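Have a look at the structure below, then the notes.
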Amino acid sequence: MSRPRLVIVGAGIVGCALADELTERGWTDVTVVDQGPLFAAGGSSSHAPGLVFQTNPSKTMTEFAAYTVAKYTALGGDCFRQVGGLEVATTPERWTDLHRKHGWAESWGVEARLLDAGQCAALWPMLAQDRVLGGLHVPGDGLAAAVPCGQAQAARAVERGARLLPGHTVVGIEQRGGRVTGVSVVTSGEYRTIPADVVVCAAGFWGPSIGKLAGLTVPLLPLAHQYAKSGPLGRREQGPILRHQDRDLYFRQHGDRIGIGSYSHRPMPVAQDEIGPRSTTMPSVQAFTEEDFDPAWRDAVELLPALAESKYEDGINGIFSFTPDGFPLIGEAPHLDGFWLAEAVWVTHSAGVARALAQVLVDGRSAVDLHECELNRFERTQLSPAFIEERGKQNFVEVYDIIHPLQPMESPRPLRTSPFHPRQRELGAFFLESAGWERPHWFEANTPLLEELVRRRRDAFADVPEEARGAATEPLLGLAQRDEWARRYWSPIAAAESYAAREGVALFDMTPLKRIEVSGPGSAAFLQRMTTNNVDRKPGSVTYTLLLDAGGGIRSDLTVARLEEDTFQVGANGNLDLDWLTRHAPGGVRVRDLTPGTCCVGVWGPRARELVQGLTDMDLSHENFRYFGCKSGYVGQVPVLAMRVSYVGELGWELYTTADMGLKLWDTLWAPGTAVAGGRAAFNSLRLEKGYRLWGVDMTTEHNPYEAGLGFAVRDDKDFIGRDALSKDVTRRLVPLLSTQVVMGKEPVRHGGRTVGYVTSAAYGHTVQYPIAYAWLPAELAEPGTHVDISYFGRRVPAEVAAEPLYDPGMEKIRR
Ligand code: FAD
Ligand code: THG
């Protein structure tokens, strides 16, 4: 398909940007259809005030925004005004958080600086300076005029051969044999079909309706959001766009008036069938509800007292899209080839998203990592109308909140629970959520273990004076290295659970880890083609391997267990792996998600063999059950698949069984009384000590295996996706840093006054007794012993590159 015929549904800013990016890459047979007139077609872009604040916790979202700024600036005309962006803090919590945000800007390469209240007021003279503690100023932020930006990009596309069809309402997605073949439209009362090889839905908050025509759930919720303007306040200098997030407000100037956007009101979801009739010129605008805006106005006046001279006017309740996790929806429908989405995209990210999707379509991959945005990231359990509504509303409420990286949404919870859940609750588990799963982070029932750990340590220092003995326990817990942020969603009990895994035996619930069965004739050849390592080994063997994209970027890391000649069990990272394997599977190979019907417990620690051997007929000796081997058998009454692998770096097994037998398995392992329950907090600390990467955090499609330190999982002597693009020349590396503070992840790393990289994962290593932070650094700074600084909430944290793994480099703990 060298020059496929493309139809883009929607001529909002996203559809226009996409037409430009595609035609620029030579895909010129592009037709953009919109039900409305051009270019104020009636969607969100028609009236978006167009504030572009670039800085975001996500590297990907920040890069989307930075590209949008660069591109719209280059469009010229009225498209983009680089007035700068100012976010002010009126609470100490926000002021602290702006320091964190300043770090993200630095990590992702956006110029930013922190200002005191006086400097803020100099930029925004209307500000009540005495209410402001400080601000974050990003000179590159600014105002995108969405309609002119759309028009300018569409014009370039038309010059290259694209067609624009206003007044064309899409009423059907045509398909044959699992492939899209075109769209049917109604125009001037006539019905016709436009043939297409690829259809991209860029229909904004109408996405779910278009998705329905294609049999696809589009997980976004249209919500109304209030925007109004003050009366004339006299001419003023053009100031930056402004955010007052402590009150869920943002501001921009419109000549002598101030525009005010508010997220402080109740969520106002709009059902698809309530969206204004397609004949109205502005279906994305609903009647303004003053009672919702009044409190926002009062808050606005408090920050900008001069507003009191006027009253708000021209208010709208404007509709746009919210997804369950706040990220856009980019990707191809799982069951309809050629039907793609570019949905729930802000003006801010529009050009970046369009470029990424154009790259995916034309080149097969995006240069920017897309895993947070991929349509198929959601599990089936996250696609119910109730879930989409609940999370969409919650995202509206939280849009400006200060969110800790571990903070889960409070509802709907609990949604998915493992069979061990009742026992975990009895043990006082503190749960956080991931992909809908409840995951224990530590167990209050382990408090006595912590006390014992501290006592043992103090006893070991019995000859030290009493006053100094407290300090002796410090390196075990790392309390002094944790500030208030690093103590949230954490407990020192994690130290006791870590020691239990290192010295005794601990049970870790691995149920949420995705399990995929690949079976049928040709399975081995298929998996050989998909992955980097040699998985065509004897039944009973497990292989650690990688999925790469066409450019050699890491899409995932997997364990592949060969259970029988033509049956494999893949240990994966998430739904994207299921989607990727399903999409590539040839006829005859079956790819099936086992996760919901099964469960897994990791039994890890030096006493794991003694514990499990006492409960099974399987021979667990090192000679008869090798490291990275697997066998089926029984543990007590429970049929299990046992795999000798360990993400925490200890002797032990992952035991899998069906969900119905899960509780029995847990109780059987618990009965001898030697095992301790371990949570994610300990798990994360243990895996970092051992240097085991977490895909999506430590490495993504932006990195190749050699840079990521995973070259050992790549076999040169076989063919696989991404192989030809791989280069062993490494200019950057993922390395462990030992530091003096537990950090969060995403902090900038500096050397010689320059920003040289950023942190991925971080934790306190209880057994190495140092805070560990993995970070991407230029290869020349990746040598052990190199001194760098981490900037943590603006504070300088000294750190040193260490050799890895930090724990058990000789593999003596595991291979015995
Ligand atoms: P849209 O602009 O909605 O375009 C979708 C198009 O699809 C529409 O033109 C529609 O007519 C067409 N369409 C739909 N169904 C069909 C069909 N069946 N057949 C044919 N055509 C169809 N973002 C920011 O970045 N910064 C801001 O400051 C900002 N402020 C906002 C303030 C308000 C009040 C609102 C409502 C939104 C704001 N946004 C802001 C969000 C931003 O406006 C949207 O995210 C963005 O405009 C979406 O662009 P789009 O092209 O995806 O969708
Ligand atoms: N268990 C199973 N599958 C998984 C994971 C798991 N799949 C996804 C994710 N976790 C993969 N991550 C890892 C990371 C490291 C290891 C296993 C899975 C690991 N690595 C050894 C090492 O690097 O030394 C072994 C390498 C080798 O011998 O090839 O064990 O937790 N089932």
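The values are calculated or read from the model by the stated rules, or taken from the named source; none is laboratory data. Keep in mind that this is a model prediction, so the values were computed, not measured. For neighbour counting, all protein chains shown are included, and Cβ atoms are generated from backbone atoms with ideal geometry for every residue, glycine included. For accessibility, only protein heavy atoms count, side chains too; no ligands or nucleic acids. Shrake-Rupley method; radii C 1.70, N 1.55, O 1.52, S 1.80 Å.
Report the paramagnetic label zone for Gln637: residues of the stretch 382-426 whose backbone N is under 11 Å from a point 7 Å from Cα along the Cα-to-Cβ axis.
Output list for this probe position: empty.
Taking 0.36 nm per residue of separation and subtracting the Cα-Cα distance, what length does fully extending Ser434 through Arg3 add?
In short, 151.1 nm is gained.
Can you give me the C-alpha center-to-center distance between the stretch 1-37 and the stretch 673-737, rounded to a whole angstrom?
Using only Cα atoms, the two centres lie 38 Å from each other.
Note down the magnitude of the dipole of the chain about its Cα centre, charges +1 on Lys and Arg C-beta and -1 on Asp and Glu C-beta and zero elsewhere, to the nearest 20 debye. Please report the intermediate quantities before stating the final value.
On the way: 83 positive and 99 negative charges, 200 e Å.
Value, rounded to 20: 960 debye.
Principal axis extents for the stretch 129-248, Cα atoms only, whole Å, descending order, please.
Between the extreme Cα coordinates on each principal axis of the stretch 129-248 lie 65, 34, 28 Å.
Taking every pair of distinct Cα atoms and averaging 1/r, then inverting, what Kirkwood hydrodynamic radius in Å comes out for the stretch 249-345? Can you show the working numbers first?
Working: mean 1/r = 0.0612 Å⁻¹.
After inverting the mean inverse Cα-Cα distance, the result is 16.3 Å.
Over the Cα atoms, compute the radius of gyration (one decimal) and Dmax (the largest Cα-Cα distance, rounded to a whole number) for the stretch 58-164, in Å.
Computed over the Cα atoms of the stretch 58-164, radius of gyration and Dmax are 17.1, 56 Å.
With an 8 Å cut-off on Cα pairs and a minimum separation of 6 or more residues, tell me the relative contact order of the stretch 66-149 in percent. Could you put the intermediate results ahead of the total?
Details: 132 pairs, mean separation 37.8, N = 84.
With pairs under 8 Å counted, the relative contact order is 45 percent.
Computed over the Cα atoms of the stretch 197-323, what is the ratio Rg over Rh, Rh following Kirkwood?
Details: Rg = 17.2 Å, Rh = 16.3 Å.
Dividing the radius of gyration by the Kirkwood radius yields 1.06.
Scan the stretch 206-308 for trypsin sites (Lys or Arg not before Pro) in coil per DSSP, keeping those whose Cβ has at most 14 other Cβ atoms within 10 Å, and list them by number.
Details: sites: Lys212, Lys229, Arg235, Arg236, Arg243, Arg247, Arg252, Arg257, Arg278, Arg298; in loops: Arg235, Arg236, Arg278.
In loop regions of the stretch 206-308 (DSSP not H, G, I, E or B), the sparsely surrounded trypsin sites (Lys or Arg not before Pro) are Arg235, Arg278.
Taking H as built 1.01 Å from N, whose amide H comes closer than 5 Å to the amide H of Gly331, not counting residues under 5 places away?
Close amide H contacts, sequence-distant or interchain: Leu341, Leu375.
How much of the accessible area of the chain, in percent, comes from carbon and sulfur atoms when a 1.4 Å probe is used?
Numbers: 15170 of 30370 Å².
Accessible surface attributable to carbon and sulfur in the chain totals 50 percent.
Write down Rg/Rh for the stretch 693-763, rounded to two decimals, with Rg from the C-alpha atoms and Rh from the Kirkwood relation over Cα pairs. The partial results should precede the final answer.
Numbers: Rg = 14.4 Å, Rh = 14.0 Å.
My calculation puts Rg/Rh at 1.03.
Using the heavy atoms of the protein chains alone and a 1.4 angstrom probe, what is the accessible area of the stretch 305-429 per residue in square angstrom? Walk me through the intermediate numbers first.
Details: 4700 Å² over 125 residues.
Accessible surface, normalised per residue, equals 38 Å².
When Rg is the radius of gyration of the Cα atoms in the stretch 336-418 and Rh is its Kirkwood radius, what does Rg/Rh come to? Display every interim value, and only then the final one.
Details: Rg = 15.4 Å, Rh = 15.3 Å.
That ratio equals 1.01.
For the stretch 37-78, report the translational diffusion coefficient in µm²/s to the nearest whole number, using Stokes-Einstein at 10 °C, 1.306 mPa s, and a Kirkwood Rh over Cα pairs.
Numbers: Rh = 11.9 Å.
The estimated diffusion coefficient comes to 133 µm²/s.
So for the chain, what are the equivalent ellipsoid semi-axes in whole Å, largest first, each being the square root of 5 times an eigenvalue of the Cα gyration tensor?
Numbers: eigenvalues 424, 234, 114 Å².
Rounded to whole Å, the semi-axes are 46, 34, 24.
At 7 Å along Cα-to-Cβ for each site, give me the label-to-label distance between Ala462 and Arg380 in nm.
Inter-label distance under the simple model: 6.0 nm.
Once the Cβ-Cβ distance between Ala659 and Asp729 is put in as r, and R0 is 45 Å, what FRET efficiency do you end up with, to the nearest 0.05?
Efficiency for this residue pair is about 0.45.
Each residue of the stretch 573-581 in turn: what ³J(HN,Hα) in whole Hz from Karplus with 6.51, -1.76, 1.60 and θ = phi - 60°, glycine and Pro shown as x?
9, x, 5, 5, 5, 4, 4, 5, 5
Could you work out the relative contact order of the chain, using alpha carbon pairs under 8 angstrom and six or more residues apart, expressed as a whole percent?
On the way: 1903 pairs, mean separation 92.1, N = 816.
Computed value for the chain: 11 percent relative contact order.
Per DSSP helix of 4 or more residues, -39500 (n - 2.57); summed, then divided by the residues of the chain. What does that give at 222 nm, rounded to the nearest 500? Could the numbers behind the result be given before it?
Values: 19 runs with 206 residues, N = 816.
Helices in the chain give a 222 nm mean residue ellipticity of -7500 deg cm²/dmol.
Mind checking the full-extension length gain between Glu444 and Gln129? Use 0.36 nm per residue of separation minus the Cα-Cα distance, one decimal, nm.
Gain in length upon complete extension: 108.8 nm.
Say R0 is 35 Å: what FRET efficiency, to the nearest 0.05, do Thr187 and Arg160 get from their beta-carbon distance? List each step's numbers first, then the result.
On the way: r = 24 Å, r/R0 = 0.67.
Given R0 = 35 Å and the Cβ-Cβ separation, E is 0.90.
In terms of modelled amide H atoms, which long-range or inter-chain residues lie less than 5 Å from the amide H of Val676?
When sequence neighbours closer than 5 places are left aside, the close amide H contacts are Val505, Ala506, Leu507.
Quick one: compute the contact order of the stretch 684-816, relative version, from alpha carbon pairs under 8 angstrom and 6+ residues apart, as a percent.
Values: 242 pairs, mean separation 37.2, N = 133.
Relative contact order comes out at 28 percent.
Among Ala525, Ala468, Pro492, flag the residue with its Cα farthest along the positive direction of the charge dipole of the stretch 442-591, charges on Cβ as +1 for Lys/Arg and -1 for Asp/Glu.
Ala525
How many Å² of accessible area per residue for the stretch 80-226, probe 1.4 Å? Intermediate results must be reported in sequence, preceding the final value.
Numbers: 5570 Å² over 147 residues.
Normalised by residue count, the accessible surface of the stretch 80-226 is 38 Å².
Using θ = phi - 60° and the Karplus relation 6.51 cos²θ - 1.76 cosθ + 1.60, list the HN-Hα couplings for the stretch 244-256 in order, rounded to whole Hz, with x at every Gly or Pro.
For the stretch 244-256, the Karplus curve yields 10, 6, 5, 10, 6, 10, 9, 9, 8, 8, 10, x, 9 Hz.
Can you tell me which aspartates and glutamates have their Cα less than 17 Å from the Cα of Lys728? Leave out same-chain residues fewer than eight positions away.
Counting by Cα, and skipping residues close in sequence, Lys728 has these aspartates and glutamates nearby: Asp549, Glu702, Glu707, Asp716, Asp717, Asp719, Glu780.
Taking the alpha-carbon set of the stretch 450-599, what are its Rg and Dmax in Å?
According to the Cα coordinates of the stretch 450-599, Rg and Dmax are 22.7, 73 Å.
Figure the gain on full extension for Ala367 and Ala779 (residue separation times 0.36 nm, minus the Cα-Cα span) and round it to one decimal in nm. Don't skip to the answer; put the middle values down first.
Values: separation 412, 0.36 × 412 = 148.32 nm, distance 2.05 nm.
Length gained, Ala367 through Ala779: 146.3 nm.
Treating only the Cβ atoms of Lys and Arg (+1) and Asp and Glu (-1) as charged, compute the dipole magnitude of the stretch 454-526 about its Cα centre; round to the nearest 20 debye. Each step should come with its number before you reach the end.
Working: 11 positive and 11 negative charges, 39 e Å.
Dipole about the Cα centre, nearest 20: 180 debye.
Quick one: putting +1 on the C-beta of Lys and Arg, -1 on the C-beta of Asp and Glu, what dipole do you get for the stretch 698-805 around its Cα centre, in Debye to the nearest 20? Display every interim value, and only then the final one.
Values: 11 positive and 14 negative charges, 77 e Å.
With only Lys, Arg, Asp and Glu charged at Cβ, the dipole is about 360 debye.
Can you give the FRET efficiency to the nearest 0.05 for Arg236 and Ala287, using r as the Cβ-Cβ distance and R₀ = 30 Å? Show your work: numbers first, answer last.
On the way: r = 30 Å, r/R0 = 1.01.
Here the calculated transfer efficiency is 0.50.
Sort the following peptides by mean Cβ neighbour count (other Cβ atoms within 10 Å, averaged over residues), highest first: 411-418, 184-191, 389-396. Display every interim value, and only then the final one.
Numbers: 411-418: 16.6, 184-191: 12.0, 389-396: 20.0.
Going from most to least packed, we get 389-396, 411-418, 184-191.
Exactly which trypsin sites (Lys or Arg not before Pro) in the stretch 570-657 are in a DSSP loop and have at most 16 other Cβ atoms within 10 Å? Walk me through the numbers on the way to the answer.
Numbers: sites: Arg583, Arg590, Arg592, Arg607, Arg609, Arg626, Lys631, Arg644; in loops: Arg607, Arg626, Arg644.
Passing both the DSSP loop test and the Cβ count: Arg626.
Give me the accessible area per residue for the stretch 708-775, probe 1.4 Å, as a whole number in Å².
Working: 2800 Å² over 68 residues.
Solvent-accessible surface per residue comes out at 41 Å².
Sequence-distant or interchain residues sharing an amide H contact under 5 Å with Gly765, placed H: which?
Tyr770, Ile772
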